[in-house]
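The values are calculated or read from the model by the stated rules, or taken from the named source; none is laboratory data. Since we're looking at a predicted model, the values are computed, not measured. Quick reminder, even Gly has a Cβ in these numbers, built from the backbone with ideal geometry, and neighbours come from all protein chains shown. Surface accessibility is based on the protein's heavy atoms, side chains included, excluding ligands, DNA and RNA. Shrake-Rupley method; radii C 1.70, N 1.55, O 1.52, S 1.80 Å.
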Amino acid sequence: MNTGIWNYWVVVFLMMAGLYVVMAKRNYVKKLMGLSIFQVSVIMLYVSMGKVTGGTAPIYVLDGGTPAEGIVYSNALPHVLMLTAIVVGVATTAVGLGLIVRVREAYGSVEEDVVTEQDRAAEAAEARDFAEAGP
Amino acid sequence: MKEQLPVLVVVVPLLTAPLLVLLRAPAAVRILSLLAAAASTAAAVTLALTVEAPISYHLGGWPPPIGIEYRVTQATAFVLALVTTIATFSLLLGARGTRSEVTNGRTHLFYAAFLLCLAGLLGMVVTGDAFNVFVFLEISSLSTYALVAMGRRRRAFTAALNYLILGTIGGTFVLIGIGLLFQMTGTLNALDIARHMTQAEVGGTRTVQVAFAFLVVGFGIKLAVFPLHQWLPNAYAESPSAVSSFLAGTATKVIYFQTMRALLVLFGASYVFGTLRFGLFLGVLSLLGMFAGSLAAIYQTSLKRLLAYSSIGQVGYLTLALSFGSEAGTYAGLLHMGAHAITKTALFVVAAAIVSGVGTDRIDALAGLGKRLPLCAFAFVLGGLGLIGVPGTAGFVSKWALLEAALADGHLGYAAALLLSSLLAVVYVWRVVEVMYFRQPPPDAPAARGLRGYDWGALGPALVLMVASILLGVWSSPITGYVRTAATQLFRGGL
C-alpha cells in the first residue's frame, strides 16, 4: 500500500463516520460527538498536507549558530492554521453542549424525537387555544 | 487615519464586544454598542464613497501573499456599507425590543454577541485571505447560535442547536475546500490562488474540482440554497426581533457575496460556467428554491415564519442571478442582494412592532390591524410591495435587472419562472394584508390608539427603511451606477 495516501484514508473514514453519526443518531449529545469527530478529520487532513517528503520538523537546524544549509523542512503553515481550527472546534462543542443543557432544562430530554413531539403538541395546543378564544 | 479605515471597520465592533461584557450596565451597554456600530457604519460609508482603485491593507505590515490582506473594492465597500447600516438599524430596534425579550442580567452578553457577529460578517467581506474567511465565518456563526438561542420561547434552543449542527457542517466543508485549494496552490491569498488556478496543472485537476464541490456545498448550507435550507425558518422565526431583522438582512447576504467571490474570483467564471457547466445545476436549484420557499410561505400561520420562508425564495432569485454566469447576472445579483436586504430587514422590524403591539405574531391574531395599528399595517404593505417588486420600490429595480439579465442570455424559461414566482409573493403578502384590512378586529381588541400607542423604537427604524427602499426605487441611478462598476470589477476576477 502507498503509505503516502494512508493518512487520507484515515481522514475520509473519520469524516464519513462523523457525518454518519450526525445524520443517523437522534440523540443531541451523540450528534455533537459526531460533529467533533468530523471536525477532527479536517485537522488530520491539514496536518497531512503539511508533510514534505524527507522533511524534518520546521525548527532551524543550527550549524554553529547559523541555520544549516540544504535541510528540508516540513510545511508549518497548515499546523498553525489548525491551531485556529482546534479553537473553533472546541468553541463549537462548548456552545453546542451549552445549548443541549438548556434544551434538557426546557424539555426534560435530549432525544430529538421527544423534543419534536413536545413542540408539535405545544403548537397544536396554541392553535386550539386561539381558535377557542378568537372570533 | 484614513488608510486605517479598512481594518477599523472590523476592529471597532470586535474590540467593543469584550468591553461590553466588562461594562455590564444595560443603559451604557446599549449606548456603547450603538456607537460602535455607528462608527463602523461611518467608516464603511466613507470607504464606499471614496474608494476608486482597490485598496490593499496589509495586516501587521506583512505584504501579501505571505501576510493577510484586507481588500476594499467598490463591491466590498458596497456590502460593508449595507451590512453596517442594517446592523445599526437593528440595534436601534434592539435598544427597545431586547428589554422585553432578553432576560434581565443578560443584556450585555446579548449586545456583545451581536457585535461579534457583526465583526465576523464584516471581516468575511473585507478580507482577501481564504483562511481568514473561515475564521470570520465561524466568529459570526458562533455568535449567531448564541443570539438565536436568546429567543423568547424554548423552541429557540432547538432552533439554535439545529442551526449549530448544520452550520458547523457547512463551515467545516468550507474549511476542507480551502485546505484542498491550499494544497494545490500553496497559498491562501485569494488573488494569488486565482492566479495559480489559471495554470493548467492546477486548474484542471480533480483536487480543484473536489475543492469546488466542498466550497459550494459549504456556502450553500450557510446561504440556505434550496435543499440545504432546513435551518433557516426556525432560526429566523424563534430568535429575538433585533436578531431576526439583523440576520435576514446580513447573514445570508454576506455568504452570497462570498459565494460570488468564490465562483467568480477564486475559480473564475470561465472554469465554473464553462468547464464545469455549473450554471444549469445552480439555475435549477434556484428555481426549486424560488417556488418551494414562496409556496411554503403561503401556508405559514406565523408572520415571522412567513417572512423566513419568503427569504428562502429570495435566496433562489440571488443564486439564479449568479447562475447566468454573466456580467449582467452579477450586477442583478448584487443589486437584488441590497434591495432584498433593506426590504426584508424593514419587514422583520415591522413584525417586531406588530408583535409588541399585539403580543403575538400569529397571522390570525392580526385581524383588523388596519384599524387597530394603521401605521404598522401600512408599513407592512409598503414592505410587501417591495418584496413583490412593484414599480417604485427598490425590489422592482433589482427584479427588473434580473429579468433583463435572464432575457439577455436567452433564458426565456427563467424569465417566465421569475414572473410566476413573483405572483406567489403577491399571494403570501395578500394573505396577511387581507387579514389586516378586511377582517373585523376581535370585539375585545383595544380601539385604535393615537400616535403614542405605537412602539416607536421598532416602527421608527422600519419606516425609515421603507422610505429608503422607495427612494432607491424611484431615484435609483446613483446606486445602480455604483453597483454596475462593482459588478464589472467582480465579474472580471478583481477582488
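Which one of these is within 14 Å of another protein chain (Cβ to nearest Cβ) and among the basic types (K, R): B:R106, B:R71? Steps first, answer last, please.
Values: B:R71 fails: within 14 Å of another protein chain (Cβ to nearest Cβ).
Among B:R106, B:R71, only B:R106 is within 14 Å of another protein chain (Cβ to nearest Cβ) and among the basic types (K, R).
Within region A:65-96, being within 17 Å of B:A156 (Cβ to Cβ) and not small (G, A, S) holds for one residue alone: A:V95. With respect to the conditions (1) open to solvent by 40 Å² or more (accessible area, probe 1.4 Å); (2) free of Cβ contacts under 8 Å to residues at least 40 places away in the same chain, B:A365 falls short on a single one, namely (1).
Return yes when A:P58 is surrounded by 13 or more Cβ atoms within 10 Å (Cβ to Cβ) and over 17 Å from B:I176 (Cβ atoms) and no when it is not. Even if it seems obvious, please write down each step before you answer.
On the way: surrounded by 13 or more Cβ atoms within 10 Å (Cβ to Cβ): yes; over 17 Å from B:I176 (Cβ atoms): yes.
Judged against the criteria, A:P58 is a match.
Name the pairs: first residue in region B:84-102 and under 19 Å from B:A25 (Cβ atoms) and among the β-branched types (V, I, T), second residue open to solvent by 30 Å² or more (accessible area, probe 1.4 Å) and modelled with pLDDT of 60 or more, Cβ to Cβ under 7 Å, at least 6 apart or on different chains? Short answer, once both residue conditions are applied: B:V102/B:M150. Name the residues in region A:115-129 that are open to solvent by less than 50 Å² (accessible area, probe 1.4 Å) and either more than 20 Å from A:A24 (Cα to Cα) or more than 11 Å from chain B (Cβ to nearest Cβ) (or both), would you? Scanning region A:115-129 gives A:D119, A:A122, A:A125, A:A127.
Does at least one position in region B:120-142 carry a residue that is more than 20 Å from A:V42 (Cα to Cα) and within 11 Å of chain A (Cβ to nearest Cβ)? Break it down into steps so the answer makes sense when it comes.
The initial filter retains those residues of region B:120-142 that are more than 20 Å from A:V42 (Cα to Cα), namely B:120-128, B:140.
Remaining after also requiring within 11 Å of chain A (Cβ to nearest Cβ): none.
No, that holds for no residue.
Residue pairs whose Cβ atoms lie under 8 Å apart, sitting 6 or more positions apart in sequence or on different chains, and linking a residue in region A:100-114 that is within 9 Å of chain B (Cβ to nearest Cβ) to a partner that is exposed (fewer than 15 other Cβ atoms within 10 Å of the Cβ), are A:I100/A:V29; A:Y107/A:V114; A:E112/A:R26. Evaluated against (1) within 10 Å of chain B (Cβ to nearest Cβ); (2) part of a helix (DSSP H, G or I), A:N75 falls short on exactly one condition, (2). Filtering region A:81-97 to residues that are without any contact (Cβ under 8 Å) to a residue 24 or more places away in the chain, more than 30 Å from B:G186 (Cβ to Cβ) and surrounded by fewer than 17 Cβ atoms within 10 Å (Cβ to Cβ) leaves only A:A94. Of the numbered criteria (1) at the interface with another protein chain (Cβ under 10 Å from one of its Cβ atoms); (2) not in a helix (DSSP H, G or I), the one B:G171 fails is (2). Kindly establish whether B:T98 is at pLDDT below 85, polar (S, T, N, Q) and loosely packed, with under 13 Cβ neighbours inside 10 Å. No; evaluated as a whole, the condition is false for this residue. What do you reckon, is B:V426 at pLDDT 90 or above, of a type in the set (V, I, T) and more than 28 Å from A:E132 (Cβ to Cβ)? Taking the combined requirement at face value, the residue satisfies it.
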